[in-house]
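Student: Quick one: this structure, given as structure tokens, is what I'll be asking you about.
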Amino acid sequence: MAEDGPKQPQLSMPLVLDEHLTQQLRLRAESLKQRGEKRQDGEKLLRPAESVYHLYFTQQQKLQFERWDVVLDKPGKVTITGTSQNWTPDLTNLMTRQLLEPAAIFWHKEDSEVMDWNEADALEFGERLSELAKVRKVMYFLITFGEGLGPANLKASVVFNQL
């Protein structure tokens with residue numbers, strides 16, 4: 001059995017609701033609907049239960065994914081999907097090809113005290129964030145809320161070990 005060395009310092013980085021970008025993307029979907037136009041080929045229109053979040057990598061180098069910290073204040077489910085997109089909202093629409101797989105899915109059942117999650121996919125996604133942090137200053141996420149949840153019900157962050 002390997003000895004545990006000194007504990008690595010950890011850095012918790014919150015996922016922050018990007019209200020402006022979410023609103024911009026909602027306006028895009030509304031505008032198309034009002035004018036009776038179709039979306040661009042490959043464009044992903046924001047649905048009412050979806051919001052855009054961002055994470056600023058306050059430190060970019062020497063990060064190792066440790067865990068997701070996701071809290072739902074009531075039963076329900078959230079799906080966190082990363083995007084490789086860098087936005088200039090007035091110029092760039094959300095494109096489906098920019099959505100990263102796998103997504104991390106977290107759910108809280110009414111009769112349970114613990115949060116469940118798709119562990120393998122969420123861990124793989126988290127490990128990819130460590131790599132993306134080396135080349136990105138900000139990362140955007142599309143969060144889909146299910147079962148009556150919304151941004152007010154979610155507190156989420158990604159915890160990294162600092163190497």
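Student: Of all residues in segment 119-148, how many are farther than 20 Å from Lys44 by Cβ, open to solvent by less than 60 Å² (accessible area, probe 1.4 Å) and out of contact with any Phe, Trp or Tyr (no Cβ under 8 Å at 6 or more places or on another chain)? Even if it seems obvious, please write down each step before you answer.
Tutor: At the first step, the residues of segment 119-148 found to be farther than 20 Å from Lys44 by Cβ are 119-120, 122-124, 126-127, 129-131, 133-135, 137, 147-148.
Those left that are additionally open to solvent by less than 60 Å² (accessible area, probe 1.4 Å): 122-123, 126, 129-130, 133.
Subsequent filtering for residues that are out of contact with any Phe, Trp or Tyr (no Cβ under 8 Å at 6 or more places or on another chain) retains none.
Result for segment 119-148: 0.
Student: Taking the stated definitions as given, is Thr144 β-branched (Val, Ile, Thr), modelled with pLDDT of 95 or more and in contact with an Asp or Glu (Cβ under 9 Å, 6 or more places away or on another chain)? Full working, then the answer.
Tutor: On the way: β-branched (Val, Ile, Thr): yes; modelled with pLDDT of 95 or more: yes; in contact with an Asp or Glu (Cβ under 9 Å, 6 or more places away or on another chain): yes.
Yes, satisfied.
Student: Looking at segment 84-108 only, could you name the residues that are modelled with pLDDT of 90 or more and surrounded by 17 or more Cβ atoms within 10 Å (Cβ to Cβ)? Break it down stepwise before answering.
Tutor: Restricting attention to segment 84-108, the residues satisfying the condition of being modelled with pLDDT of 90 or more are 99-108.
Selection gives Leu100, Ala103, Ala104, Ile105, Phe106, Trp107, His108.
Student: Being farther than 28 Å from Ile105 by Cβ and open to solvent by less than 100 Å² (accessible area, probe 1.4 Å) is the filter here; which residues of segment 32-44 pass it?
Tutor: Listed by number, the residues that qualify are Leu32, Gly36, Glu37.
Student: Out of everything in segment 45-63 that is over 16 Å from Gln23 (Cβ atoms) and under 17 Å from the mean Cα position of the chain (by Cα), what residue ends up being most open to solvent (accessible area, probe 1.4 Å)?
Tutor: First, the residues of segment 45-63 that are over 16 Å from Gln23 (Cβ atoms): 55-63.
Filter again for under 17 Å from the mean Cα position of the chain (by Cα), leaving 55-58.
On the way: Leu55: 1, Tyr56: 132, Phe57: 15, Thr58: 112 Å².
Among them, the one singled out is Tyr56.
Student: Just wondering, is there one or more residues in segment 70-82 that are out of contact with any strand residue (DSSP E or B) (no Cβ under 6 Å at 6 or more places or on another chain), touching a residue at least 40 places away in the same chain (Cβ under 8 Å) and either of a type in the set (D, E, K, R) or under 23 Å from Lys134 (Cα atoms) (or both)?
Tutor: The answer is yes, given that some residue of segment 70-82 is out of contact with any strand residue (DSSP E or B) (no Cβ under 6 Å at 6 or more places or on another chain), touching a residue at least 40 places away in the same chain (Cβ under 8 Å) and either of a type in the set (D, E, K, R) or under 23 Å from Lys134 (Cα atoms) (or both).
Student: Something else: Basic (Lys, Arg), under 27 Å from Glu124 (Cα atoms) and in contact with an Asp or Glu (Cβ under 8 Å, 6 or more places away or on another chain): does that describe Lys109? If you could, list the steps in order and put the result at the bottom.
Tutor: Numbers: basic (Lys, Arg): yes; under 27 Å from Glu124 (Cα atoms): yes; in contact with an Asp or Glu (Cβ under 8 Å, 6 or more places away or on another chain): yes.
Criteria met by Lys109.
Student: Pairs under 8 Å by beta carbon, first residue under 23 Å from Val78 (Cβ atoms) in segment 2-24, partner modelled with pLDDT under 80 and hydroxyl-bearing (Ser, Thr, Tyr), six or more apart or different chains?
Tutor: As it stands, the answer is Leu11/Thr58; Met13/Thr58, since those pairs meet every condition given.
The values are calculated or read from the model by the stated rules, or taken from the named source; none is laboratory data. Everything numeric in this text was worked out from a predicted model, so none of it was measured. Here Cβ is always computed from backbone atoms with ideal geometry, including for glycine, and neighbour counts include all displayed protein chains. SASA here: full protein model, heavy atoms, side chains in, ligands and nucleic acids out. Shrake-Rupley method; radii C 1.70, N 1.55, O 1.52, S 1.80 Å.
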